[in-house]
Amino acid sequence: MDTKYLQFNNADLQLAGELIRQGELVAFPTETVYGLGANALDEHAVKSTYVAKGRPSDNPLIVHVWDKGQIYDVAREVNNDAKKIIDCLMPASLTIVLPKRSTISDAITAGLDTVAIRMPRSMQAREFLRYACVPVTAPSANLSGRPSPTSWQRVKQDMDGRIAAILCGEDCDVGIESTVLDLTGSKPRILRPGVVTSEQIEQVVGKRVEVVINPKSKVNSPGVRYKHYAPKVPMALDTSGEVSKLVAFYDDLVKRGFNPVLLVEQPHKYGARNVYPIGHNDEQVAQSLFENLRVLEEKYDYIVASFTSRTAFGQSILNRLVRAAGGNII
Ligand code: TXA
Ligand code: MG
């Protein structure tokens with residue numbers, strides 16, 4: 001398939017919308033990561049998303065909307081907590097899980113009775129969705145298991161020849177995927193942490209929010225079970241920031257014949273070793289994390305990352321790092 005590269009002008013947006021309505025796949029920017037869009041009302045199109053990504057079909061997709069009213073067309077029931085969140089927080093880097101309407105097929109929800117819905121903060125994302133005229137399912141636009149793409153060039157790397165078009169928009173400014181919030185139980189539960197934190201949600205709904213992020217525990221968000229975000233080379237993660245420990249680990253890798261790199265907060269502390277800056281604050285680290293993994297896997301054969309932030313957003317970033325490292329914590 002010859003993938004089209006489309007720009008944010010009226011003619012190209014119209015074409016992107018037509019392609020979606022014809023059942024084709026179109027990748028588009030959001031503020032979190034690039035998404036791989038399909039017409040949510042077309043079961044065949046939705047199913048082709050799993051094929052293009054090589055994604056297990058028991059991992060459900062998020063339905064994206066450009067307008068708050070559409071949420072009510074997708075969800076069967078919008079409870080009071082959901083209403084408050086829709087009114088006060090959206091659009092946002094936040095996905096809410098609600099009971100689904102029968103128009104939402106099992107191909108989207110992997111047989112669950114619930115549906116994940118997101119109204120992106122990105123204007124470019126909402127513009128594309130408006131041109132599509134239908135709700136759009138979109139997983140991250142990477143091959144399954146790989147770091148999520150935060151620029152159209154990274155979507156190209158994984159998806160060229162596999163999908164009809166890529167909308168070449170801006171780079172993503174958040175850099176990690178949306179917070180997934182389950183609102184179907186008595187207590188709101190975060191199934192995937194992101195830039196919207198439990199504190200922010202608690203302030204809006206006025207009750208405690210549970211955070212369920214242990215990938216080994218039994219959770220309602222099937223996607224958190226799978227291998228994710230992994231670079232092509234082995235990766236280890238440190239959360240202490242102890243220079244001597246990182247140096248010892250690095251030097252041992254060199255003795256074993258590796259050409260490793262340290263992805264760290266203060267690169268100048270590591271002498272002549274291979275170093276790369278992870279970023280100075282949570283926002284920077286998140287924004288460049290997946291891009292950094294894709295850059296470093298090309299140049300080195302072992303990535304040693306160190307991340308010490310203990311903020312709520314920092315925990316969301318740590319969640320991605322732990323999984324990128326396949327749980328290899330030093
Ligand atoms: O930021 C984002 O959310 C990006 C952009 C493109 O919007 N999308 C994204 O999609 O990250 P994906 O497919 O990579 O992740 C969707 C997550 C998975 O963890 C999946 O299990 C969960 O949402 N999910 C989807 N439907 C669900 C449901 N009905 N109940 C619980 N979790 C659900
Ligand atoms: Mg993903």
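Computed values, structure above
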{"quantity": "Test: residue in segment 40-56 that is aromatic (Phe, Trp, Tyr) and part of a loop (DSSP other than H, G, I, E, B)", "calculated": "no"}
{"quantity": "Residues located in segment 108-120, provided they are in a loop (DSSP other than H, G, I, E, B), of a type in the set (A, V, I, L, M) and under 17 Å from residue 29 (Cα atoms)", "calculated": "119"}
{"quantity": "Given (1) assigned to a loop (DSSP other than H, G, I, E, B); (2) near ligand 1 (Cβ under 10 Å from one of its atoms); (3) buried (at least 23 other Cβ atoms within 10 Å of the Cβ), number of the condition residue 181 does not satisfy", "calculated": "(1)"}
{"quantity": "Output for segment 287-305, where each listed residue is under 18 Å from residue 254 (Cα atoms), out of contact with any Leu (no Cβ under 6 Å at 6 or more places or on another chain) and not charged (D, E, K, R)", "calculated": "296, 300"}
{"quantity": "Positions within segment 32-56 being farther than 28 Å from residue 195 by Cβ and polar (S, T, N, Q), in sequence order", "calculated": "48"}
{"quantity": "Residue satisfying condition, being among the polar types (S, T, N, Q), touching a residue at least 24 places away in the same chain (Cβ under 8 Å), surrounded by 13 or more Cβ atoms within 10 Å (Cβ to Cβ) and within 17 Å of residue 231 (Cα to Cα), within set 259, 292, 274", "calculated": "292"}
{"quantity": "Single unsatisfied condition, residue 63 versus (1) part of a loop (DSSP other than H, G, I, E, B); (2) aliphatic (A, V, I, L, M); (3) under 21 Å from residue 148 (Cα atoms)", "calculated": "(1)"}
{"quantity": "All positions within segment 121-159 that are more than 27 Å from residue 58 (Cβ to Cβ) and in a loop (DSSP other than H, G, I, E, B)", "calculated": "121, 122, 133, 151"}
{"quantity": "Failed item in (1) over 29 Å from residue 168 (Cβ atoms); (2) among the β-branched types (Val, Ile, Thr); (3) within 16 Å of ligand 2 (Cβ to nearest atom), with residue 104 passing the rest", "calculated": "(3)"}
{"quantity": "Among the residues listed as 110, 138, the single one being among the aliphatic types (A, V, I, L, M), buried (at least 24 other Cβ atoms within 10 Å of the Cβ) and within 9 Å of ligand 1 (Cβ to nearest atom)", "calculated": "138"}
{"quantity": "Filtered residues of segment 121-134 (kept if within 13 Å of ligand 1 (Cβ to nearest atom) and surrounded by fewer than 24 Cβ atoms within 10 Å (Cβ to Cβ))", "calculated": "121, 122, 124, 126"}
{"quantity": "Neighbours by Cβ (under 6 Å, 6+ apart or cross-chain): first from segment 13-40, on the phi < 0 side of the Ramachandran plot and among the hydroxyl-bearing types (Ser, Thr, Tyr); second modelled with pLDDT of 95 or more and more than 15 Å from ligand 2 (Cβ to nearest atom)", "calculated": "30/122; 30/125"}
{"quantity": "Residues of segment 175-192 satisfying the condition of being within 16 Å of ligand 2 (Cβ to nearest atom) and within 24 Å of residue 113 (Cβ to Cβ)", "calculated": "177, 178, 179, 180, 191, 192"}
{"quantity": "Hits in segment 8-39 - residues which are among the acidic types (Asp, Glu) and within 16 Å of ligand 2 (Cβ to nearest atom)", "calculated": "31"}
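Listed here are the residues, each with its yes/no results for (1) among the aliphatic types (A, V, I, L, M); (2) more than 15 Å from ligand 2 (Cβ to nearest atom).
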site	(1), (2)
112	yes, yes
124	no, yes
133	no, yes
142	no, no
148	no, no
151	no, yes
156	no, yes
170	no, yes
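For every residue, the table says whether it meets (1) under 24 Å from the mean Cα position of the chain (by Cα); (2) at pLDDT below 95; (3) in a helix (DSSP H, G or I).
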residue: 233; (1), (2), (3): yes, no, no
residue: 237; (1), (2), (3): yes, no, no
residue: 240; (1), (2), (3): no, no, no
residue: 248; (1), (2), (3): no, no, yes
residue: 257; (1), (2), (3): no, no, no
residue: 268; (1), (2), (3): no, no, yes
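The values are calculated or read from the model by the stated rules, or taken from the named source; none is laboratory data. Bear in mind the structure is a predicted one, so any value in this text is a computation, not a measurement. All Cβ positions, glycine included, derive from the backbone under ideal geometry; neighbour counts span all protein chains shown.
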